[in-house]
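Peer 1: Have a look at this one before I ask anything.
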Amino acid sequence: MLSVEQVRSSYGRIEALHGISIEVAGGEIVTLLGANGAGKTTLIRAISGVQPISAGQIRFDDRPLEGVSAHGRVALGIAQVPEGRQVFAPLSVEDNLRLGAWPRRNVRLDAELASVYELFPVLASRRRISAGMLSGGEQQMLAIGRALMAKPRLLLLDEPSMGLAPILVEQILDIVRGLKEAGLTVLLVEQNARAALAIADRGYVIETGRIATSGSSDELLADARVQAAYLGV
């Protein structure tokens, strides 16, 4: 479904991605592991179209994404849940969700809203309050729900556990697993390597803008280097 080939990207004169290549097949959860500043978020942003690339190619369903805008990629079926949630705090929960479906704003969204509220019942009970009044975990649910309103086939999920209590992390990742079982493909950026590998099919380890290693979740869990660097073993 997704192919990233030798992609380079820079912030000004500083190159953040040094020729990264990854692949994600339909129906998979693939996780990107790495320390802060390794390039994980830059790669996610490059795929979603909000970060320009200077070399290489990104293909979605074998279609090159060069020249396709960020909102054009949403229309193709790629949606990003950004790091830090980035909900629209002054707007209501439901208005946040409706904004996620902006490319489809001229159609009725009752079914999509009902689906998100079924997945996250707490949002249904708070649909009229401002998003800024939600807890961190509820805001993360809202950010995921907002992305799902675009009816994506590929969900780019950036650090969903950031700042959340362990019980909420488990709940969020269980929901991600359920989305995969419902047919959604997920590219997951997560610093909690053990939790990410528990739900992912495969993973890539990024170090200083390069792929250091990759493999199935079981292979990465058994890798001594990964254990030492990311699993505290």
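Peer 1: Rounded to the nearest 5, what is the percent of antiparallel bridges among the DSSP beta bridges in the range 2-230?
Peer 2: 55
Peer 1: Could you work out the relative contact order of the range 2-230? I mean the mean sequence separation of Cα pairs under 8 Å and 6+ apart, divided by the number of residues, in percent.
Peer 2: Relative CO of the range 2-230 lands at 28 percent.
Peer 1: Separate question: For the range 12-72, state which GluC sites (Glu not before Pro) are in a DSSP loop and have at most 15 other beta carbons lying within 10 Å of their beta carbon.
Peer 2: The qualifying sites are E66.
Peer 1: A further question follows. Taking θ as phi - 60°, what are the ³J(HN,Hα) couplings along the range 50-60 by the Karplus curve (6.51, -1.76, 1.60), each to the nearest whole Hz, with x for Gly and Pro?
Peer 2: Using θ = phi - 60°, the values come out as 9, 10, x, 10, 9, 7, x, 8, 10, 10, 10 Hz.
Peer 1: A follow-up question, please. Compare the Cα positions of L97, V189, A55 along the charge dipole of the chain (+1 at Cβ of Lys, Arg; -1 at Cβ of Asp, Glu; about the Cα centre) and return the one farthest towards the positive end.
Peer 2: L97
Peer 1: Would the range 114-187 count as rounded, prolate or oblate if I go by the C-alpha gyration tensor, calling it rounded below 1.5 in a/c and otherwise prolate when a/b exceeds b/c, oblate otherwise?
Peer 2: Oblate.
Peer 1: I need the trypsin sites (Lys or Arg not before Pro) found in the range 96-139, filtered to DSSP loop residues with at most 11 other beta carbons within 10 Å of theirs.
Peer 2: Loop-located and lightly packed - R105, R108, R128.
Peer 1: Separate question: The range 52-122 to the range 125-192: how many Å between their Cα centroids?
Peer 2: 13
Bear in mind these aren't lab numbers, they're just calculated from the coordinates by the rules spelled out. Since the structure is predicted, the reported quantities are computational estimates derived from the model, not experimental observations. With ideal geometry, Cβ positions are generated from the backbone for all residues, glycine too; neighbour counts draw on all protein chains shown.
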